[in-house]
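Have a look at the structure below, then the notes.
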Amino acid sequence: MADRIGLSPHMLRQFSAVRRLAPSVRGFFSDRRLDSVDAAVHLAMLSETEQQKMAAALATRDIDTKDLRGAIRLRRVGAPGS
């Protein structure tokens, strides 16, 4: 399928991350307050509550996707407070 629509399998997997988002967070993408595939992929790695907080911060531009990726990395290495 990816070949038929001109996307790599990797990119198709990234787009599918939207399905793993909380419904309220999907709304940010539906109404285009957020439109970054990178944001969707990284938000999908968080709990529903964390997704909502981070999506709201992204939408208001309090943080950007670089900040979001950094938070995910810190969580993975077990930073204090994560």
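Pop out the ³J(HN,Hα) list for region 57-63 in order, Karplus 6.51 cos²θ - 1.76 cosθ + 1.60 with θ = phi - 60°, rounded to Hz; leave Gly and Pro as x.
Per residue, the Karplus-derived 3J(HN,Hα) values read 5, 5, 5, 8, 6, 6, 9 Hz.
How large is the helix-only mean residue ellipticity at 222 nm for the chain, computed as the sum of -39500 (n - 2.57) over DSSP H runs with n ≥ 4, divided by its residue count, in deg cm²/dmol to the nearest 500?
Helix-only estimate at 222 nm: -16500 deg cm²/dmol.
For the chain, take the alpha-carbon Rg, divide it by the Kirkwood Rh, and send me Rg/Rh.
Ratio of gyration radius to Kirkwood radius: 1.01.
Considering only Leu21, Ser47, Val77, whose Cα is most displaced toward the positive end of the charge dipole of the chain, charges sitting on Cβ of Lys, Arg (+1) and Asp, Glu (-1)?
Among Leu21, Ser47, Val77, the one farthest towards the positive end of the dipole of the chain is Val77.
Suppose R0 equals 22 Å. What FRET efficiency, 1/(1 + (r/R0)^6) with r the Cβ-Cβ distance, do Ala59 and Ser8 give to the nearest 0.05?
E between Ala59 and Ser8, to the nearest 0.05, is 0.20.
Taking amide H atoms as placed 1.01 Å from N in the peptide plane, list the residues 5 or more away in sequence, or in a different chain, whose amide H sits under 5 Å from that of Ala44.
Correct list: empty.
Find the accessible area per residue for the chain; the probe is 1.4 Å, ligands and nucleic acids are left out, and the unit is Å².
Averaged over the residues of the chain, the accessible area is 67 Å².
Which percent of the accessible area of the chain is formed by carbon and sulfur heavy atoms (probe 1.4 angstrom)?
Whole-percent figure for carbon plus sulfur exposure: 53.
So the label point goes 7 Å from the Cα of Asp31 along Cα→C-beta, right? Which residues of region 49-65 then have their backbone N under 13 Å from it?
56, 59-60
The values are calculated or read from the model by the stated rules, or taken from the named source; none is laboratory data. If you're wondering where the values come from, they're calculated on a predicted model, not measured in any experiment. Please note: Cβ atoms are built from the backbone with ideal geometry, for glycine as well, and neighbour counts cover all protein chains shown. Ligands, DNA and RNA are excluded from the accessible area calculation, which covers all protein heavy atoms including side chains. Shrake-Rupley method; radii C 1.70, N 1.55, O 1.52, S 1.80 Å.
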